[in-house]
Amino acid sequence: MFALAAVTTLLLALPARADEAFITSQPAEMLSIVDLATRKVVATLPIPGKPAGIAVSPDGARAFVTSPDGKALTIVDAASRAITLRVEVGGGPLGVAVHPSGSPAYVADWYQHRIVAVDAASGAVTGEVAVGQSPSGLAVTPDGALLLSADRDSDAVSVIDTSSLTRLATIPVGARPFGVTIDAAGRRAYAANVASNDVSVIDIAARTVIATVKVGQRPYAVALAGGRAFVTDQYDSTVSVFDLETLAPLATIPVGDYPEGIDTSRDGAFVYVANWEANTLSVIDTATLKLVDDIPVADGPRAFGAFIRRTAR
């Protein structure tokens with residue numbers, strides 16, 4: 001009984017598995033995996049073809065990495081850090097998103113102006129749909145019914161029915177939308193417009209822009225936490241913060257040079273920012289709106305997409 005009690009105490013004392021960040025570094029052709037409790041890189045995985053886009057499945061089982069130069073989607077077993085499949089999709093794969101069920105993955109083809117659906121288990125291309133010019137960021141509604149594509153050179157966001165892969169609507173937004181993010185309720189989307197230096201707030205059901213929020217220079221992507229939007233401003237090396245209810249500006253947070261990808265911790269306590277020229281992952285405390293840490297990663301981190309792996313605890 002004493003031995004059993006000792007083992008039980010030891011198990012209870014073991015630290016819970018921390019969430020992880022899967023950071024694509026384009027020049028380094030590397031995927032860095034960061035333990036977010038210790039804020040250390042715990043694994044790296046070579047990914048050829050200048051990887052840029054990233055999407056970790058909601059269950060944390062897989063990570064999907066796009067390689068624009070390699071014209072491929074790499075599928076990674078997130079737990080074992082092993083590449084399971086490399087799928088040739090052609091064109092210029094950039095943005096990527098995953099259906100809430102874990103499959104398929106949707107890949108934005110920048111050059112051929114389409115979205116390709118890829119089965120997560122087999123790597124089979126199961127369909128495609130034409131969208132606007134130069135699709136970049138992708139996001140799926142929480143119920144899995146709709147896929148949104150930021151069509152950069154069309155100054156618009158496409159709305160796609162995932163069950164039929166049919167383009168249902170086109171929503172005009174600001175100039176050169178790049179990242180698009182959907183809220184947890186599936187009601188609003190936020191498109192970062194790199195050429196007009198603002199964020200378009202979209203009512204998804206009404207399929208219209210209901211507000212435009214000015215931010216810093218060359219906004220790249222948006223993360224949501226604690227009733228606030230966090231926007232990476234590439235040219236200002238800052239993150240702009242505004243209130244989701246009032247849309248009022250709240251803060252401008254200095255981070256590393258040329259911030260790009262941004263994502264939120266499971267509990268909303270932190271926002272993580274990949275800084276392309278600083279080779280760091282910045283950590284922002286969402287309560288204080290302060291930069292609290294910078295984590296070194298491989299050269300040229302982009303991490304464009306949902307890069308947080310929410311592990312079991």
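The values are calculated or read from the model by the stated rules, or taken from the named source; none is laboratory data. Here the structure is a predicted model, which is why all the values come from computation and not from measurement. In this analysis, Cβ positions are derived from the backbone assuming ideal geometry, glycine residues included, and neighbour counts consider all displayed protein chains. With ligands, DNA and RNA removed, areas are computed over all heavy atoms of the protein, side chains included. Shrake-Rupley method; radii C 1.70, N 1.55, O 1.52, S 1.80 Å.
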Considering only region 68-85, how many residues are surrounded by fewer than 17 Cβ atoms within 10 Å (Cβ to Cβ) and without any contact (Cβ under 8 Å) to a residue 40 or more places away in the chain? 7
Has region 17-30 got at least one residue that is of a type in the set (A, V, I, L, M), at pLDDT below 95, assigned to a helix (DSSP H, G or I) and surrounded by fewer than 22 Cβ atoms within 10 Å (Cβ to Cβ)? no
For residues that are in contact with a Gly (Cβ under 8 Å, 6 or more places away or on another chain) and among the β-branched types (Val, Ile, Thr), scanning just region 100-152, find the one that is nearest to Ala191 (Cα to Cα). Thr141
Being under 19 Å from Asp236 (Cβ atoms) and of a type in the set (A, V, I, L, M) is the filter; apply it to region 188-204 and report the residue that is most open to solvent (accessible area, probe 1.4 Å). Ala195
Members of region 194-210 found to be within 18 Å of Gly305 (Cβ to Cβ) and either touching a Leu at 6+ places or on another chain (Cβ under 6 Å) or outside any loop (DSSP other than H, G, I, E, B) (or both), listed by number: Val199
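Those residues that are touching a Phe, Trp or Tyr at 6+ places or on another chain (Cβ under 7 Å) and open to solvent by 10 Å² or more (accessible area, probe 1.4 Å), I need them from region 49-67; list them, please. Walk me through how you get there before you give the answer.
Of region 49-67, the ones touching a Phe, Trp or Tyr at 6+ places or on another chain (Cβ under 7 Å) are 52-56, 63.
Result: Val56, single match.
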Would it be correct to say that Thr288 is out of contact with any helix residue (DSSP H, G or I) (no Cβ under 8 Å at 6 or more places or on another chain), modelled with pLDDT of 95 or more and either under 21 Å from Ala191 (Cα atoms) or buried (at least 21 other Cβ atoms within 10 Å of the Cβ) (or both)? no
Considering residues that are touching a Gly at 6+ places or on another chain (Cβ under 6 Å) and surrounded by fewer than 20 Cβ atoms within 10 Å (Cβ to Cβ), the number found within region 263-277 is 1
Going through region 151-187 in order, the residues found to be in contact with a helix residue (DSSP H, G or I) (Cβ under 8 Å, 6 or more places away or on another chain) and either part of a loop (DSSP other than H, G, I, E, B) or surrounded by 21 or more Cβ atoms within 10 Å (Cβ to Cβ) (or both) are Arg176, Pro177, Phe178
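Where in region 225-289 are there strands (runs of 3 or more DSSP E), lying wholly inside it, with at least 1 residues that are among the acidic types (Asp, Glu)?
On the way: elements: 228-233, 238-243, 249-254, 259-264, 270-275, 280-285.
Qualifying strands (runs of 3 or more DSSP E): 228-233, 238-243, 259-264, 280-285.
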